[in-house]
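The values are calculated or read from the model by the stated rules, or taken from the named source; none is laboratory data. Keep in mind the model is a prediction, meaning the values are calculated, not measured. Every residue, glycine among them, receives a Cβ derived from its backbone with ideal geometry; neighbour counts consider all protein chains shown.
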Amino acid sequence: MALTTSNQFSAGTKAPDFTLPNTVDDTLVSLSELKGTKGTVIFFICNHCPFVIHINATLVKIANAYQGKGFGFIAISSNEIENYPQDGPKQMKEVAKKEHYPFPYLFDETQEVAKAYDAACTPDFYVFDADLKSVYHGQLDASRPGNGIPVSGIDLRNAIENTIASKPVLENQKPSMGCGIKWRSTKS
């Protein structure tokens, strides 16, 4: 498992649009349908990454806490599934059910959405305001598997709270880190 950090995603950047299958209910959904009235959190995750497994329960708590406050939450998996079949749509649906995801879990089979967001790792978090302009791209918090720091979601929570309160973009945005997205090999 290679440790990968998130790429730069400038504040103010408009969220790239997408339409993807929701593995939870087998529907095709778009960003415009899923976005929140106050803001939207888009995050790239997958089933097998220990960094994602480590934070799943806190992700669910944060989504449950803020969805009622006008925030949309959208999980996307972009891993290629030929070499990582555990990240396929059927398995995504099972994980979403087991973890009680209160948000859609979308499958980016072509990896075009991950490329549009310049996503690099799982987990990789993006927070957008009501106009879908980027206000945060960074870590959930400083907890990592085995580092002894409890999972709190403080960085993501602060970004959401700032957005709700219409405060300026957080200055100190630490990159997320985790497993690198499993890209398809480019065959020539």
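Annotations for the structure displayed:
- Pick from segment 8-53, criterion exposed (fewer than 15 other Cβ atoms within 10 Å of the Cβ) and closer than 30 Å to residue 146 by Cα, ranking: modelled with the highest pLDDT: 50
- Leading residue by the ranking (nearest to residue 63 (Cα to Cα)) among those in segment 19-44 that are among the aliphatic types (A, V, I, L, M) and out of contact with any Phe, Trp or Tyr (no Cβ under 8 Å at 6 or more places or on another chain): 34
- Residue within segment 158-173 that is surrounded by fewer than 18 Cβ atoms within 10 Å (Cβ to Cβ) and under 20 Å from residue 78 (Cβ atoms) present: no
- Of all residues in segment 133-157, those satisfying the criterion of being within 16 Å of residue 4 (Cα to Cα), touching a helix residue (DSSP H, G or I) at 6+ places or on another chain (Cβ under 7 Å) and surrounded by fewer than 19 Cβ atoms within 10 Å (Cβ to Cβ) are 144, 145.
- Scanning segment 27-39 for residues that are out of contact with any helix residue (DSSP H, G or I) (no Cβ under 7 Å at 6 or more places or on another chain) and in contact (Cβ under 8 Å) with a residue 12 or more places away in the chain yields a total of 8.
- Among the residues making up segment 119-140, those that are part of a loop (DSSP other than H, G, I, E, B) and either within 17 Å of residue 32 (Cβ to Cβ) or not small (Gly, Ala, Ser) (or both) are 123, 130, 131, 132, 139, 140.
- Flag if residue 115 is over 20 Å from residue 183 (Cα atoms) and assigned to a helix (DSSP H, G or I): no
- Scanning segment 156-172 for residues that are touching a residue at least 40 places away in the same chain (Cβ under 8 Å) and more than 16 Å from residue 51 (Cα to Cα) yields 157, 160, 163, 164, 169.
- Tally, over segment 33-69, of residues that are over 18 Å from residue 181 (Cα atoms) and touching an Asp or Glu at 6+ places or on another chain (Cβ under 7 Å): 2
- The C-beta contact set for segment 143-155 (first residue in contact (Cβ under 8 Å) with a residue 12 or more places away in the chain, second residue in a loop (DSSP other than H, G, I, E, B) and of a type outside the set (Ser, Thr, Tyr), distance under 6 angstrom, 6+ apart or interchain) comprises 143/149; 143/151; 152/141; 153/140; 153/141; 154/141; 155/139; 155/141.
- Any hit, segment 119-126, residues being crowded, with 17+ Cβ neighbours inside 10 Å, out of contact with any strand residue (DSSP E or B) (no Cβ under 7 Å at 6 or more places or on another chain) and either without any contact (Cβ under 8 Å) to a residue 60 or more places away in the chain or among the hydroxyl-bearing types (Ser, Thr, Tyr) (or both): no
- Of all residues in segment 69-97, exactly one satisfies the criterion of being part of a loop (DSSP other than H, G, I, E, B), surrounded by 22 or more Cβ atoms within 10 Å (Cβ to Cβ) and of a type in the set (Ser, Thr, Tyr), namely 78.
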